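Only one structure is covered here, and it is reproduced in the block below.
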Amino acid sequence: MKKFFKLRFWFLFMVIMSVSFGNDWEFSSRGENIIPIETSQVSIKKEEIRMKIVNDGMDVKVKFIFNSPVSEEKIIGFITPEGGFDNDDNYQWDGEMHFKNFTTVVNGKTVKSNVEKMKDFYKKNVLSKEEMKKYNVEKYKDSYIYYFKANFVKGENTVEHSYNYSGSHGVGYNDFQYVWTTISKWKNKKVDEFELIIEPGDSFVSLPYTFWKNGKKINWEIVGEGKIDTAVNEITESSTNRKTVMKRVYAKLKNGYIAYRTKDFAPDDEFWMEDVINIVNNYFPYEKTEKGYIFTDDNFDYASLMCCYVTEPYSKEKYEKYEYYKADLEVSREKEEELKKLSNKELEILRNYPFALAGYDFSRKDLKDYFSQFIWYYPIGKDVEVRVYPEITKVVDKIMEERKKNSK
């Protein structure tokens, strides 16, 4: 499988005349992680994070309530290393801005954000040359830094951010990571009141089982209607015979959101969520969930036959013009021949996979019962958007129509 770039997003909290680094988040999809290096004397009284999956990634809104021991002007900055490592472990800037539409409000007032490349920021001497060297300016010179001035008063201060984050695109999923162990760099090393809201929409999402190295379970809560459960798998390493237990939480909602609320939040492990876009073309290291839901069955083999399907014959002329597409077209024809070996019942199940993946509420009990055994299926309604393998329906209909003609 292709090795995808990684990206880290981290928050720099810089005090004029004396620099300290702290926690905003460190969203990750392509790169290294740089941890804040000094402890701030500012404590976090409250943190509210809202993540909403949208067509172009994720919209993020965060609200902090800080407790500052003094009144002073601060500079708050975000460095986003836009790039990562290629297959040969060479750092490359991918030329994209993965974090967009930043807006910031400090104590009720909108403040202007400055955006420039790291190499230009370095020349302004906001940080000392020694401090900047720790952030490998030469390597990340083309990365962007977002920063603004904020007047903090003694006592409570509210900082609100919103932005769009594109995430990391893999084969069949969109990956979002969020590094919040930097909470330990703040005074008191915790957040007094913490709330995380995830709005997945109609996406099937994978969530962490724990935020702690001791494995304590996260108390996820669905506010609305949907399906959520934990999958567990024990893996034994062949070389050491050591057993490793893998745990992930999967959820599919009809409406509402997923929430986690707690006091004295002090995580020592990070947040990693996946928007599983293409369930058929995805690998799940689990057989079933704790409640008995499954991820795949034999019919997934039928569906996977369509992974390379190029919608032939509906775009035949286009694909026959190019050698690259001609090869795919030939594979597609071979897959169709394999599908012709399936029974009518198997074809009927296959035909309805795209609708089930979209959350279609089947009227037929047999179809609803069949798809309800999967953790990723939850009926949303009749008006759904079929986004994954819509051509399967056309191909199956074609095969069924040919069978009808041949049976006459």
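Just name the residue that is farthest from D202 (Cα to Cα) out of those in the range 233-256 that are aliphatic (A, V, I, L, M) and open to solvent by 60 Å² or more (accessible area, probe 1.4 Å). Only one residue tops the list, namely I235. Looking only at residues of the range 262-283 that are aromatic (F, W, Y) and touching a residue at least 40 places away in the same chain (Cβ under 8 Å), we find that the one that is nearest to E195 (Cα to Cα) is F265. In the range 229-249, the residues that are farther than 22 Å from Y378 by Cβ and part of a strand (DSSP E or B) form Cβ pairs under 6 Å with partners that are open to solvent by 90 Å² or more (accessible area, probe 1.4 Å) and among the acidic types (D, E), at six or more places apart or across chains, as follows: K243/E234; V245/E234.
Test A259 against the criterion of being surrounded by fewer than 19 Cβ atoms within 10 Å (Cβ to Cβ), touching a residue at least 24 places away in the same chain (Cβ under 8 Å) and in contact with a strand residue (DSSP E or B) (Cβ under 6 Å, 6 or more places away or on another chain), and give yes or no. Walk me through how you get there before you give the answer.
On the way: surrounded by fewer than 19 Cβ atoms within 10 Å (Cβ to Cβ): yes; touching a residue at least 24 places away in the same chain (Cβ under 8 Å): yes; in contact with a strand residue (DSSP E or B) (Cβ under 6 Å, 6 or more places away or on another chain): yes.
When the stated conditions are applied, A259 passes them.
Residue count for the range 388-406 under the criterion of being open to solvent by less than 40 Å² (accessible area, probe 1.4 Å) and either under 24 Å from the mean Cα position of the chain (by Cα) or among the hydroxyl-bearing types (S, T, Y) (or both): the result is 3. Go through the range 265-359 and tell me which helices (runs of 4 or more DSSP H), entirely inside it, have 1 or more residues that are out of contact with any His (no Cβ under 6 Å at 6 or more places or on another chain) and at pLDDT 90 or above. Per the criteria, 344-357.
Within the range 198-228, the residues that satisfy the criterion of being farther than 22 Å from I380 by Cβ and in contact with an Asp or Glu (Cβ under 7 Å, 6 or more places away or on another chain) are T210, F211, W212, K213. I279 meets the conditions (1) surrounded by fewer than 19 Cβ atoms within 10 Å (Cβ to Cβ); (2) of a type in the set (A, V, I, L, M); (3) touching a Phe, Trp or Tyr at 6+ places or on another chain (Cβ under 7 Å) in every case but one. The failed one is (1). Cβ-Cβ contacts under 6 Å between residues 6 or more apart (or on different chains), taken from a first residue in the range 98-114 that is within 16 Å of K74 (Cα to Cα) to a second residue that is modelled with pLDDT of 85 or more and assigned to a loop (DSSP other than H, G, I, E, B), are listed as T104/V111. Scanning the range 373-408 for residues that are within 22 Å of E336 (Cα to Cα) and not in a helix (DSSP H, G or I) yields V386, R387, V388, Y389, P390. Entry remark, the range 199-220: residues being outside any loop (DSSP other than H, G, I, E, B), open to solvent by less than 30 Å² (accessible area, probe 1.4 Å) and not β-branched (V, I, T) number 4 in total. Within the range 369-387, the set of residues being open to solvent by less than 20 Å² (accessible area, probe 1.4 Å) and either over 18 Å from N255 (Cα atoms) or more than 28 Å from the chain's Cα centre (by Cα) (or both) comprises F371, F374. Is at least one residue of the range 374-384 free of Cβ contacts under 8 Å to residues at least 24 places away in the same chain and closer than 18 Å to D297 by Cα? Checking the range 374-384: not a single residue is free of Cβ contacts under 8 Å to residues at least 24 places away in the same chain and closer than 18 Å to D297 by Cα.
Taking only the range 151-174 into account, find how many residues are under 13 Å from V54 (Cα atoms) and either buried (at least 20 other Cβ atoms within 10 Å of the Cβ) or at pLDDT below 80 (or both).
We begin by selecting, within the range 151-174, every residue under 13 Å from V54 (Cα atoms); these are 163-167, 174.
Okay, now just the ones that are also either buried (at least 20 other Cβ atoms within 10 Å of the Cβ) or at pLDDT below 80 (or both), so 163, 165-167, 174.
So the answer is 5.
Selection within the range 26-58: residues that are assigned to a strand (DSSP E or B) and in contact with a Leu (Cβ under 7 Å, 6 or more places away or on another chain). The member of this set that is modelled with the highest pLDDT is I49.
The values are calculated or read from the model by the stated rules, or taken from the named source; none is laboratory data. The structure displayed is predicted, hence computed values, not measured ones. So basically every Cβ, Gly included, is an ideal-geometry build from the backbone, and we count neighbours across all protein chains shown. These accessible areas exclude ligands, DNA and RNA; they are computed on the full protein's heavy atoms, side chains included. Shrake-Rupley method; radii C 1.70, N 1.55, O 1.52, S 1.80 Å.
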